[in-house]
Amino acid sequence: MLQWYKIDDAQFLKDKGITEHKLGGKTICLTWFEEQLHAFSRKCPHAGAPLKNGWCERGKVICPFHRHEFDLVTGKGSPAQHDFIHIYPTKQEDGAYFVGIEKGFWQNFLASKSN
Ligand code: FES
């Protein structure tokens, strides 16, 4: 089950490149690309580079270490890479921006016990 987290001042991130944020017990990356807010994994799956030090071009985030590329919508790496990053859904409601994070096992367990 998804939990939606509001991103305070999301518009101010537009000129900040890729930034890290703690949401729902996870640290994720946020960036704007072509007027869309994108949310994705913190680390590159190749060798763990922090993707906040990467950059975006052609609809992809580029890892700063060995230049693996990941699609900002699907998370898929370029074909020869055989890897991918996790993409978190984003939405806009009433001018505010949100990122959806899957609830962890214990959050789901505790929610099921309180019902
Ligand atoms: S650590 Fe990202 S491409 Fe190698």
Rounded to whole Å², per residue accessible area for the chain with a 1.4 Å probe reads 63 Å²
Highest mean packing first, using Cβ neighbours within 10 angstrom, the peptides 1-8, 25-32 sort as 25-32, 1-8
For the range 49-65, Karplus-derived ³J(HN,Hα) couplings (6.51, -1.76, 1.60; θ = phi - 60°; whole Hz; x for glycine and proline) come out as 4, x, 5, 5, 8, x, 8, 10, 7, 6, x, 10, 8, 10, 6, x, 7
Lys43 and Asp8 label points (each 7 Å along its Cα→Cβ direction) are spaced in nm at 2.8 nm
Quick calc, the chain, dipole around Cα centre from Cβ unit charges on Lys, Arg (+) and Asp, Glu (-), nearest 20 debye, gives 420 debye
Rounded to the nearest Å, the spacing of the alpha-carbon centers of the range 1-49 and the range 61-87 is 15 Å
Summing +1 per Lys or Arg and -1 per Asp or Glu among the other residues with Cβ less than 14 Å from Gly95's Cβ gives -2
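In whole percent, what relative contact order does the chain give with Cα contacts below 8 Å and a gap of six or more residues?
Numbers: 204 pairs, mean separation 30.0, N = 115.
26 percent.
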Everything considered on the Cα gyration tensor (a ≥ b ≥ c; rounded for a/c under 1.5, else prolate if a/b is larger than b/c, else oblate), the range 1-91 must be described as prolate
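Tally up the carbon and sulfur contribution to the accessible surface of the chain as a whole percent, 1.4 Å probe, everything protein left in place. Don't jump to the answer; show the numbers that get you there.
Details: 3760 of 7240 Å².
C and S atoms contribute 52 percent here.
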Given Cβ charges of +1 for Lys and Arg and -1 for Asp and Glu, the option among Tyr97, Phe84, Ile7 whose Cα lies farthest towards the positive end of the dipole of the chain is Phe84
CD proxy, 222 nm, the chain: helix-only mean residue ellipticity via -39,500 (n - 2.57) per DSSP H run with n ≥ 4, per residue, nearest 500, stands at -2500 deg cm²/dmol
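The values are calculated or read from the model by the stated rules, or taken from the named source; none is laboratory data. If you're wondering where the values come from, they're calculated on a predicted model, not measured in any experiment. Cβ coordinates were reconstructed from backbone atoms using ideal geometry, including for glycine residues, and neighbour counts include every protein chain displayed. For the accessible areas, the whole protein counts, side chains as well, though only heavy atoms, and no ligand, DNA or RNA atoms are used. Shrake-Rupley method; radii C 1.70, N 1.55, O 1.52, S 1.80 Å.
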